[in-house]
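Structure first, commentary second.
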Amino acid sequence: MLTIIIILLIIIIIFSAKYPWWLPTKKGLIVLMYHHIYKYDDTCDLEKALYVEPEIFSKQMDFLLKHNYNPITLEELSKSYKDGTFKLPKKSILITFDDGWLDNYTNAFRILKERNIKANVFVACNYIEQKNCMTWKHLKEMKDSGLISFGSHTINHPTDIQTLSDEDILKELKESKQKLEENLNITIDCFAYPSGAGAINKKIRQMVFDTGYLFDFSTKRGITNFKWNKEKAINRLYIKQGYTLFDFYLLITKGKNSF
Ligand SMILES: [Zn+2]
């Protein structure tokens, strides 16, 4: 009997050292980061982690609804931000997609519409109308649904924006904002750094704000405090292929799914 108890205790300790289930629930702005909502196959040319199966994505969305999370848009985030504080409904969550892949329309948008869930896309403008990417028509339809809001993810999606000249950086920031605003007749307040590069670079961040963006999003794992004075870019929780619902639960409640 004692041996069984000791073995069980050891298992619990090992499990707890890996998974932060015992941490207190973290309050703050929860932002999910997705790329592809597509079942990975040989036609996929990006790393596997970026492809979340539509079926798994549906389950994650159902989990949010079941546990009374409130998915919001970037537009609503912008409106809620006054005096350096996000004043948002309880359990607010931002669902974001990076780049502008076609499956965001064919799979994600379909699943979101069925459940009346709001979400957001950070678009790399030169991807629009390209193979396997969304068209302006798709983006307009998503916008008109009232469910989807947009942010900029540059024009060309540079691997590391920090390696560009100041002139080119400004171009990436400014032109992407203008292009999206003009074509979709919206205001773009949010910017997400491609691959997270530049998110801790003071000069680049200043350029982002000088261009007229109000919020910048990194790829750093975590939950951002509701009081936010631009000291650091807003964290996001990267939802990867293969994550279980337990991983998903840990991410949105503890800000991490493993140590
Ligand atoms: Zn990207």
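The values are calculated or read from the model by the stated rules, or taken from the named source; none is laboratory data. Keep in mind it's a predicted model, so treat the numbers as computed, not measured. Heads up, the Cβs are rebuilt from the backbone with ideal geometry, glycines too, and the neighbour counts pull from every protein chain shown.
In the list Lys232, Lys202, Lys256, which residue meets the criterion of being within 18 Å of Trp22 (Cα to Cα) and out of contact with any Cys (no Cβ under 6 Å at 6 or more places or on another chain)? Exactly one residue qualifies, and that residue is Lys256. Only one entry of Leu88, Leu102 meets the criterion of being surrounded by fewer than 23 Cβ atoms within 10 Å (Cβ to Cβ) and within 16 Å of the ligand (Cβ to nearest atom), and that entry is Leu102.
Suppose the filter is among the acidic types (Asp, Glu), surrounded by fewer than 21 Cβ atoms within 10 Å (Cβ to Cβ), in contact (Cβ under 8 Å) with a residue 24 or more places away in the chain and closer than 27 Å to Tyr40 by Cβ; does Asp160 pass it? Against the criterion (among the acidic types (Asp, Glu), surrounded by fewer than 21 Cβ atoms within 10 Å (Cβ to Cβ), in contact (Cβ under 8 Å) with a residue 24 or more places away in the chain and closer than 27 Å to Tyr40 by Cβ), Asp160 qualifies.
Of the residues making up region 174-184, those that are surrounded by fewer than 20 Cβ atoms within 10 Å (Cβ to Cβ) and in contact (Cβ under 8 Å) with a residue 24 or more places away in the chain number 5. Within the span defined as region 178-191, every residue fails to be modelled with pLDDT of 95 or more, of a type in the set (S, T, N, Q) and under 30 Å from Leu250 (Cα atoms).
Only one of the listed residues (Ala119, Ala108) is touching a Pro at 6+ places or on another chain (Cβ under 7 Å) and buried (at least 23 other Cβ atoms within 10 Å of the Cβ). That residue is Ala119.
In this entry, Ser149 passes the filter for residues that are in contact (Cβ under 8 Å) with a residue 40 or more places away in the chain and out of contact with any Phe, Trp or Tyr (no Cβ under 6 Å at 6 or more places or on another chain).
Within region 2-52, if we keep just the residues that are part of a helix (DSSP H, G or I) and under 22 Å from Ile223 (Cα atoms), the residue that is nearest to the chain's Cα centre (by Cα) turns out to be Leu50.
The set of residues in region 202-221 being outside any strand (DSSP E or B), buried (at least 16 other Cβ atoms within 10 Å of the Cβ) and without any contact (Cβ under 8 Å) to a residue 60 or more places away in the chain consists of Ile204, Arg205, Met207, Val208, Thr211, Ser218, Lys220. Screening Lys137 with (1) in contact with an Asp or Glu (Cβ under 7 Å, 6 or more places away or on another chain); (2) away from the ligand (no atom under 15 Å from the Cβ) gives one miss only, at (1). For region 82-139, the set of residues classified as hydroxyl-bearing (Ser, Thr, Tyr) and modelled with pLDDT of 95 or more consists of Ser92, Thr96, Tyr105, Thr106, Tyr127, Thr135, listed by residue number. Taking the listed residues Glu75, Glu47, Glu53, Glu129, the one that is in contact (Cβ under 8 Å) with a residue 12 or more places away in the chain, among the charged types (D, E, K, R) and either within 16 Å of the ligand (Cβ to nearest atom) or closer than 28 Å to Ile155 by Cβ (or both) is Glu75, with no other qualifying. Residues in region 111-140 that are among the charged types (D, E, K, R) and within 19 Å of Leu50 (Cβ to Cβ): Lys131 only. Of everything listed in (1) surrounded by 15 or more Cβ atoms within 10 Å (Cβ to Cβ); (2) more than 20 Å from Phe246 (Cβ to Cβ), the single unmet condition for Asp45 is (1). Mind listing just one residue for me: the one in region 140-154 that is more than 12 Å from the ligand (Cβ to nearest atom) and within 19 Å of the chain's Cα centre (by Cα) and, of those, surrounded by the most Cβ atoms within 10 Å (Cβ to Cβ)? Residue satisfying both the conditions and the ranking: Ile148.
When the criteria are applied in full, Lys256 fails the requirement of being farther than 29 Å from His67 by Cα and either away from the ligand (no atom under 16 Å from the Cβ) or in a loop (DSSP other than H, G, I, E, B) (or both).
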